[in-house]
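What follows is a single structure, written as structure tokens, with notes after it.
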């Protein structure tokens, strides 16, 4: 397995690059905008294709690299379902898995630092975001933070993991790079409390200044989907209401770009054809599934995903392959549900 830990000295942020093999697909966790070119260079050097970019929560101390990486690589952006970001490709519920080329990480909802904080468990290690730090824990005094929720996340979720589980946080301010659950349980001063009330009192007494970039970073990180306009042309989008009418009149063929797990969890638009976004590159080639659908149903294809991000990117890729007259469902499955569209089980 390829495992790279990268560090941003300005915000003391750790970014993690994971892949199963050289020349395979990769996942990046908590990327920083200022280092996007470094990530791309590293990916190129290792022959990796970035498949997914993941944030553990909406960060307040740096601008995320998710939007830039999506725009430059057409990767899938991933966050937990409680995320306040305007648009990400995939939102995970507690207990669900994100998978890249055989590597699997399980989402653990661990609120407290923020109300959208998730940790991600992978075999022998856990990526704890700002929930559990090395020798500390995430502050709980902004972005709907809650010391009681943090205590529950720490003591009833993370500290229930085996002692040997490696801990990789999103930040460190003291030169540390990793720890273990057992070490933090025994030596982390914020975990040496005897009750929830003691932890709440401890956190209330910290009186920390706000991160210097908070007023800029939080709004920017909640708006990572806005640059999707760069991929669209007039006439590319179809509203949910217009799509319902066209589907009823049998004027369109819907293509579902979501993963099998999302389809099982949330259902599908009746009659839609499944072409997973992860297979888009091969599907667009001559003889590929999407290429064949385009030739059989000219002017009728409408792509959709969960929130409209993957479908916009796929539309742009299709145009690059010479496939025109394809549209996408604006707002994806979420807008379809809001519009009262029919849903079928897989």
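Looking at the chain alone, DSSP beta bridges between its own residues are antiparallel in about 55 percent of cases.
When 277, 109 are arranged by Cβ crowding within 10 Å, least crowded first, meaning fewest neighbours, the order is 109, 277. Under the simplified labelling scheme, the residue 346-residue 207 pair shows an inter-label distance of 5.4 nm, with each label point 7 Å from Cα along Cα→Cβ.
Under a Gaussian network description of the chain, with springs only between Cα atoms under 10 Å, the residue in 91, 265, 157 that fluctuates furthest is 265. Computed over the chain with a Gaussian network model linking Cα atoms closer than 10 Å, the most mobile of 169, 211, 219 is 211. Using the Cβ-Cβ distance between residue 265 and residue 214 with R0 set to 25 Å, the FRET efficiency from 1/(1 + (r/R0)^6) comes to roughly 0.15. Scattering from region 237-302 was approximated by placing one identical point on each alpha carbon and applying the Debye formula without solvent; log10 I(q)/I(0) at 0.28 1/Å stands at -1.24.
So what's the back-of-envelope 222 nm ellipticity for the chain, counting only DSSP H runs of four-plus at -39500 (n - 2.57) apiece and dividing by all residues, rounded to 500? Display every interim value, and only then the final one.
Numbers: 12 runs with 101 residues, N = 346.
The per-residue figure over the chain is -8000 deg cm²/dmol.
Here the spin labels are modelled as points 7 Å beyond Cα on the Cα-Cβ line, and at residue 174 and residue 148 they lie 2.9 nm apart. Each of 173, 39, 118 was scored by other Cβ atoms within 10 Å of its Cβ. Listed from fewest to most, they are 173, 39, 118.
Computed on region 124-272, the Cα convex hull volume stands at 196 Å³ per residue. Here region 221-346 is treated as a Stokes sphere of Kirkwood radius computed over C-alpha pairs; at 20 °C and 1.002 mPa s its diffusion coefficient rounds to 148 µm²/s.
Could you list log10 I(q)/I(0) for region 171-239 at q = 0.16, 0.17, 0.20, 0.24 Å⁻¹, which the Debye formula gives when each Cα is one point scatterer? The computed values of log10 I(q)/I(0) come out as -0.85, -0.91, -1.06, -1.13. Look at 321, 151, 187 and count the other Cβ atoms within 10 Å of each Cβ; fewest to most, that gives 187, 321, 151. Beta bridges assigned by DSSP with both partners in region 233-346 are antiparallel in approximately 10 percent of cases.
Across all directions, the average flat footprint of the convex hull enclosing the Cα atoms of region 1-120 is 6.7 nm².
Which one of 153, 89, 272 has the biggest mean-square fluctuation once the chain is modelled by GNM with Cα springs under 10 Å? With Cα springs under 10 Å in the chain, the top fluctuation among 153, 89, 272 is at 272.
Bear in mind these aren't lab numbers, they're just calculated from the coordinates by the rules spelled out. Note that this is a predicted model, so its numbers are computed, not measured. Counting neighbours? That spans all protein chains shown, and the Cβs are built from the backbone with ideal geometry, glycine included.
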